[in-house]
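The values are calculated or read from the model by the stated rules, or taken from the named source; none is laboratory data. Just so it is clear, the structure is predicted and the values come from calculations on it, not from any experiment. Heads up, the Cβs are rebuilt from the backbone with ideal geometry, glycines too, and the neighbour counts pull from every protein chain shown. SASA here: full protein model, heavy atoms, side chains in, ligands and nucleic acids out. Shrake-Rupley method; radii C 1.70, N 1.55, O 1.52, S 1.80 Å.
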2 protein chains.
Amino acid sequence: MIAIFNNPSRNTWAEIVTRPSIENNELETTVKNILENVKANGDKALMHYINTFDNPNQKSLTIETAEIESAEKEIATELKEAIKKAAENIRTFHSAQKEPVQVIESMQGIKCWRKSIGIEKVGLYIPGGTAPLFSTILMLAIPAQIAECKEIILCTPEGKNGKIHPAILYTANYVGIKKIYKVGGAQAIAAMAFGTETIPKTYKIFGPGNQYVTMAKMLVNKSGTAIDMPAGPSEVMIVADKTANPEFIAADMLSQCEHGNDSQAVLLTDSLEIANKTITALEMQLKALPREMFASNSLKNSKIIILNSISEQIDFMNEYAAEHLILSVENTDYFVDNVINAGSVFIGNYSPESVGDYASGTNHTLPTNGYAKAYSGVSLDSFVKKITFQHLTHEGLENIAKTVEIMAEAEQLEAHKNAVSIRLKK
Amino acid sequence: MIAIFNNPSRNTWAEIVTRPSIENNELETTVKNILENVKANGDKALMHYINTFDNPNQKSLTIETAEIESAEKEIATELKEAIKKAAENIRTFHSAQKEPVQVIESMQGIKCWRKSIGIEKVGLYIPGGTAPLFSTILMLAIPAQIAECKEIILCTPEGKNGKIHPAILYTANYVGIKKIYKVGGAQAIAAMAFGTETIPKTYKIFGPGNQYVTMAKMLVNKSGTAIDMPAGPSEVMIVADKTANPEFIAADMLSQCEHGNDSQAVLLTDSLEIANKTITALEMQLKALPREMFASNSLKNSKIIILNSISEQIDFMNEYAAEHLILSVENTDYFVDNVINAGSVFIGNYSPESVGDYASGTNHTLPTNGYAKAYSGVSLDSFVKKITFQHLTHEGLENIAKTVEIMAEAEQLEAHKNAVSIRLKK
């Protein structure tokens with residue numbers, strides 16, 4: 001059911017932590033054609049793909065007010081309250097990320113500062129498919145609003161039943177998104193990158209998706225549109241010692257594995273007993289899941305690593321660079337202090353990943369596939385540019401002139417020097 | 001010499017602000033081959049490219065201590081002092097970007113925070129070529145050190161004379177870079193992305209370069225290595241009214257244009273008189289430049305835009321999204337408040353771009369080519385990941401349980417729900 005590695009030697013780690021490769025030339029060609037077609041033919045190309053692949057009867061890209069009103073009625077009061085509570089916590093956590101403008105006077109007469117300004121136009125993508133990911137709308141739209149992005153649009157496909165899931169419509173409307181378009185897949189990404197008659201061009205595109213969406217985001221990124229981050233299958237690593245609870249571990253592993261066929265859960269422990277009990281708990285809990293098929297396929301990608309040395313555990317944990325890292329160990333402080341690579345860290349036995357996925361306030365759009373070595377999760381930063389400003393007085397320029405002139409001359413950039421000199425000749 | 005657009009109508013703006021396209025399939029194929037060769041053959045491939053294209057006599061990738069000592073002797077005292085002063089200002093400005101850890105208690109028993117952690121391994125690229133860009137070493141290495149990146153490596157090619165420019169060696173040593181490798185071009189980027197026997201693999205690559213370097217960075221980025229930002233030719237926009245000084249404007253335009261054949265300087269003004277006087281000043285100053293050829297080629301890509309309405313100026317300024325934006329206007333506050341898209345902004349008549357290029361403290365690695373609509377310049381942020389942490393007590397989990405359970409169920413993710421429920425059953 002799940003591969004076990006008992007004290008693997010260091011020279012095997014690189015292979016153990018390698019995620020399945022996602023290179024695919026055929027996919028790239030298919031997606032390139034979609035992008036070019038949407039760029040050239042706009043709405044007409046979108047409707048072609050929608051009517052061919054998603055829904056032969058769909059006529060329009062836009063949402064009617066009646067659809068939103070109807071969604072509102074379909075959502076149970078307790079779900080509305082849960083969404084409200086989650087939104088509050090997400091707003092609290094992300095609002096605290098605002099940075100005040102701080103003016104630095106690096107020398108007398110030289111003032112420099114940075115100012116965060118919201119990216120004017122951002123596009124959010126929410127997939128259709130097997131689970132209606134309305135929580136992702138909260139995770140993306142709320143920081144976009146805190147950043148004061150002026151135009152926030154959302155693309156999501158209709159289901160086969162000709163409807164967008166009411167939880168998606170309700171949440172989008174609840175957080176105040178005014179522009180919702182009924183299109184999914186690579187064509188939705190193309191529309192947000194290039195613009196069509198109906199869908200505005202945006203400067204940065206956020207959100208999860210299948211391999212077509214992921215490839216489309218990579219390709220539009222290469223041609224100039226920013227994206228949230230590179231994507232890969234979701235994953236969790238749980239570091240557990242004898243103080244951990246195998247049933248909790250199994251529950252966390254399965255909550256990762258139910259996402260799809262290609263998720264991965266890794267248990268890193270020094271306790272063979274915990275490992276064995278976790279396997280028993282996995283078998284028990286798996287049977288009760290409605291998404292058992294996904295979970296059991298993903299368990300095949302999953303791993304249990306036994307490492308007896310704490311320092312090896314720390315190194316392995318950082319080498320894996322998990323999207324989600326759960327620390328179910330006695331000495332949490334030591335592990336927390338030594339985390340170098342991770343997307344989001346869940347500390348102790350009462351911090352399951354799912355609280356961060358939905359409602360504690362942290363963002364759930366996180367770097368996976370080892371990207372946590374260089375990338376951060378989505379935050380307020382993801383929705384702003386930090387522009388630097390500087391103002392020099394005549395005196396300030398005098399104070400720094402010689403430094404600039406000497407360096408410019410040494411770089412053989414005479415005109416750079418002259419831009420200073422000419423001002424001081426006056 | 002330079003194109004003038006007199007009150008162009010809005011529907012022509014998109015074309016005016018479009019930068020020359022840099023798509024090039026042949027280049028992509030060439031660079032892909034280099035990347036694959038270096039990935040497969042490591043140092044051997046590097047030495048092949050070095051000996052074929054750069055220096056047939058180069059034997060080693062590494063620097064001898066003697067070379068650094070010799071560089072130290074070749075650098076004039078006043079240049080050393082200038083580098084020291086610039087480094088101080090850059091350190092002051094970037095140190096102020098450190099963010100204290102701020103713990104948010106979103107609900108009773110739920111604590112969430114972010115911690116900035118330096119990217120473990122970063123690679124800096126410094127081109128050889130026509131000007132020794134030692135200032136870029138300051139701009140990249142200093143924030144990397146403030147971020148506490150553990151491994152900072154630098155690749156730069158030997159010149160045709162078999163030497164790295166002493167200012168580059170001196171500066172790299174001055175800021176404490178211990179690992180300097182003598183290799184340039186796409187092969188240097190490949191080495192830092194994949195690692196070779198001699199050059200360590202890094203997780204994020206920074207620095208400017210020619211079209212081969214730029215393409216290599218785009219391609220390694222697509223396959224998982226982070227990069228500072230997408231690149232394009234350097235550019236400046238100067239917004240000037242009648243209070244501006246045409247000689248200063250011309251000097252700033254030329255300091256941009258001397259970078260290479262493909263730079264661009266844009267003057268945006270409501271004053272035909274300023275425009276005409278600037279043209280005269282450009283002609284005068286151009287003749288005195290050692291890099292006149294570059295500057296005069298780049299002036300051919302450059303533009304003067306006359307717009308009489310201030311609100312149109314603001315809109316055009318944001319539509320262009322300049323890498324460098326100089327505001328030589330009477331009402332600077334109004335313009336500053338309305339900047340949405342720019343890399344770095346220089347305010348008033350005594351703030352030439354070259355002070356920011358070298359020494360005021362702000363970073364000179366900035367988004368060009370219109371990327372300022374979505375990207376920030378390099379800052380301390382570029383060298384860290386911001387990892388989120390959360391710790392819930394049993395009480396905290398109880399407080400948030402219902403919210404998570406209801407949302408997970410609505411997303412049809414039963415195992416996510418169970419990860420909470422199972423903990424509260426105990």
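Given +1 at the Cβ of Lys and Arg, -1 at the Cβ of Asp and Glu and no other charges, the dipole of the range B:121-201 around its Cα centre is 100 debye to the nearest 20.
Could you work out the mean count of beta carbons from other protein chains within 10 Å of each residue's beta carbon in A:255-262?
3
Tell me the total accessible area that B and A bury against each other, 1.4 angstrom probe, in square angstrom rounded to 100. Can you show the working numbers first?
Numbers: alone 21360 and 21330 Å², together 31800 Å².
Chains B and A together bury roughly 10900 Å² of accessible area.
Centre-to-centre, using Cα atoms only, the range A:353-381 and the range B:1-77 are separated by 34 Å.
Tell me, what % of the accessible area of the protein assembly as shown is carbon and sulfur with a 1.4 angstrom probe? Write out the running numbers ahead of the final one.
On the way: 15690 of 31800 Å².
Here it works out to 49 percent.
Placing a pseudo-label 7 Å from each Cα along the Cα-to-Cβ vector at B:ASN11 and A:ASN7 gives an inter-label distance of 7.7 nm.
Computed from point charges on the beta carbon alone (+1 for Lys and Arg, -1 for Asp and Glu), the dipole magnitude for the range A:310-426 about its Cα centre is near 920 Debye.
Can you give the Rg/Rh ratio of the protein assembly as shown, where Rg is from the C-alpha atoms and Rh is the Kirkwood radius? Provide the component values of the computation, followed by the final result.
Details: Rg = 27.6 Å, Rh = 28.2 Å.
Rg/Rh for the protein assembly as shown comes to 0.98.
Applying both filters, DSSP loop and at most 14 other Cβ atoms within 10 Å, to the trypsin sites (Lys or Arg not before Pro) of the range B:3-80 gives B:LYS59. Given their separation in residues at 0.36 nm each and the Cα-Cα distance between them, B:LYS80 and B:LEU27 gain 15.2 nm when the chain is fully extended. Placing unit charges on the Cβ atoms of the charged side chains and taking the dipole of chain A about its Cα centre, the candidate lying farthest along the positive direction among A:GLN264, A:THR30, A:ASN338 is A:THR30.
The overall shape of the range A:385-426 is oblate: from the C-alpha gyration tensor, with semi-axes ordered a ≥ b ≥ c, the ratio a/c is 1.5 or greater and a/b is no larger than b/c.
Within 10 Å of the Cβ of each residue in A:105-112, the mean number of Cβ atoms contributed by other protein chains is 6. Ordering A:LEU219, A:THR202, A:GLY109 by Cα displacement along the dipole of the range A:27-227 toward the positive end leaves A:GLY109 in first place; charges were set at the Cβ atoms of Lys, Arg (+1) and Asp, Glu (-1).
For the protein assembly as shown, adding -39500 (n - 2.57) for each run of n ≥ 4 DSSP H residues and dividing by the number of residues yields -14000 deg cm²/dmol at 222 nm. The trypsin sites (Lys or Arg not before Pro) of the range B:175-204 that DSSP puts in a loop, and whose beta carbon has at most 16 other beta carbons within 10 Å, are B:LYS178, B:LYS201. Put simply, the Cα atoms of the range A:27-227 extend 68, 45, 26 Å along their principal axes, the longest span coming first.
Largest mean-square fluctuation among B:LEU392, B:LEU366, B:LEU299, in a Gaussian network model of chain B whose springs join Cα atoms under 10 Å apart, belongs to B:LEU392. Taking springs between alpha-carbon atoms closer than 10 angstrom, which of B:THR368, B:THR62, B:THR196 fluctuates most in the Gaussian network model of chain B? Among B:THR368, B:THR62, B:THR196, the largest GNM mean-square fluctuation belongs to B:THR62. Scanning chain A for DSSP H helices at least 20 Å long along the axis (C-alpha atoms) with a Kyte-Doolittle mean no lower than -1.0 picks out A:25-49, A:77-95, A:272-287, A:394-410.
Could the peptides A:382-388, A:183-189, B:301-307 be put in order, highest first, of the mean number of other beta-carbon atoms found within 10 Å of their residues?
Values: A:382-388: 23.7, A:183-189: 28.6, B:301-307: 21.4.
Per-residue mean Cβ counts within 10 Å order the peptides as A:183-189, A:382-388, B:301-307.
For the range B:1-129, the fraction of alpha-carbon pairs lying more than 25 Å apart is 67 percent, rounded to a whole number.
DSSP bridge analysis restricted to the range B:64-221 gives an antiparallel fraction near 20%, rounded to the nearest 5. Shielding value for A:270-281 is 0, the average number of Cβ atoms from other chains within 10 Å of each residue's Cβ. In whole percents, the pair-distance distribution calculated for the range B:232-376 from its alpha-carbon pairs, binned every 5 Å from zero, is 2, 11, 21, 25, 23, 13, 5, 1. Please give every one of the aspartates and glutamates within straight-line cross-link reach of A:LYS385, meaning a C-alpha to C-alpha distance under 17 Å, and leave out same-chain neighbours fewer than 8 residues apart. Reachable aspartates and glutamates: A:GLU99, A:GLU120, A:GLU148, A:GLU151, A:ASP228, B:GLU99, B:ASP228, B:GLU319, B:GLU323, B:ASP337, B:ASP381. In a shell of Cβ-Cβ distance under 10 Å around B:PHE389, excluding B:PHE389 itself, what net charge do Lys and Arg (+1) and Asp and Glu (-1) give? Net charge around B:PHE389: +3.
Net charge of the neighbourhood of A:MET107, taken over other residues with C-beta under 11 Å away and scored Lys/Arg +1, Asp/Glu -1, is -2.
Checking the table B:LYS150/B:LYS386; A:LYS98/B:LYS150; A:LYS300/B:LYS402 against a 23 Å threshold on Cα-Cα, which pairs fail? Show your work: numbers first, answer last.
Numbers: B:LYS150/B:LYS386 16 Å; A:LYS98/B:LYS150 28 Å; A:LYS300/B:LYS402 31 Å.
In this structure, A:LYS98/B:LYS150; A:LYS300/B:LYS402 lie more than 23 Å apart at Cα.
I want the antiparallel fraction of DSSP beta bridges within the protein assembly as shown, as a percent rounded to 5. Provide the component values of the computation, followed by the final result.
On the way: 26 of 109 bridges.
In the protein assembly as shown, DSSP labels about 25 percent of beta bridges as antiparallel.
For a 21 Å ceiling on Cα separation, which of these pairs sit above it: B:LYS160/B:LYS287; A:LYS39/B:LYS204; A:LYS115/A:LYS373; B:LYS115/B:LYS217; A:LYS80/A:LYS178? Check vs 21 Å cut-off fails for B:LYS160/B:LYS287; A:LYS39/B:LYS204; A:LYS115/A:LYS373; B:LYS115/B:LYS217.
Here the Gaussian network model covers chain A, with springs between Cα atoms less than 10 Å apart; of A:VAL266, A:VAL339, A:VAL404, A:VAL404 fluctuates the most.
Could you size up the charge dipole of the protein assembly as shown around its Cα centre, putting +1 on the beta carbon of Lys and Arg and -1 on that of Asp and Glu, and report it in debye to the nearest 20?
Charge dipole of the protein assembly as shown: 340 debye, to the nearest 20.
Take every Cα pair under 8 Å whose residues are at least 6 apart in sequence, average their separation, divide by the length of chain B, and the relative contact order is 21 percent. Summing Lys and Arg as +1 and Asp and Glu as -1 over all other residues whose Cβ lies under 12 Å from the Cβ of A:ILE90 gives a net charge of +1.
Annotation for A:SER95, label-to-label distances across the other copies: 3.4 nm (shortest first, one decimal, point 7 Å from Cα along Cα→Cβ).
Our note on the geometry: Cα centres of the range A:83-116 and the range B:386-408, 26 Å apart. Exposed loop sites, defined as GluC sites (Glu not before Pro) outside DSSP H, G, I, E and B with at most 13 other Cβ atoms within 10 Å, are absent from the longest region of chain B, namely B:198-329.
Considering only alpha-carbon pairs that sit under 8 angstrom and 6 or more positions apart, the relative contact order computed for the range B:101-227 is 26 percent. Protein heavy-atom accessible surface, 1.4 Å probe, per residue over the range A:346-426: 24 Å².
Just the number, please: percent antiparallel of the DSSP beta bridges in chain B, rounded to the nearest 5.
Numbers: 13 of 50 bridges.
Percent antiparallel among DSSP bridges in chain B is about 25.
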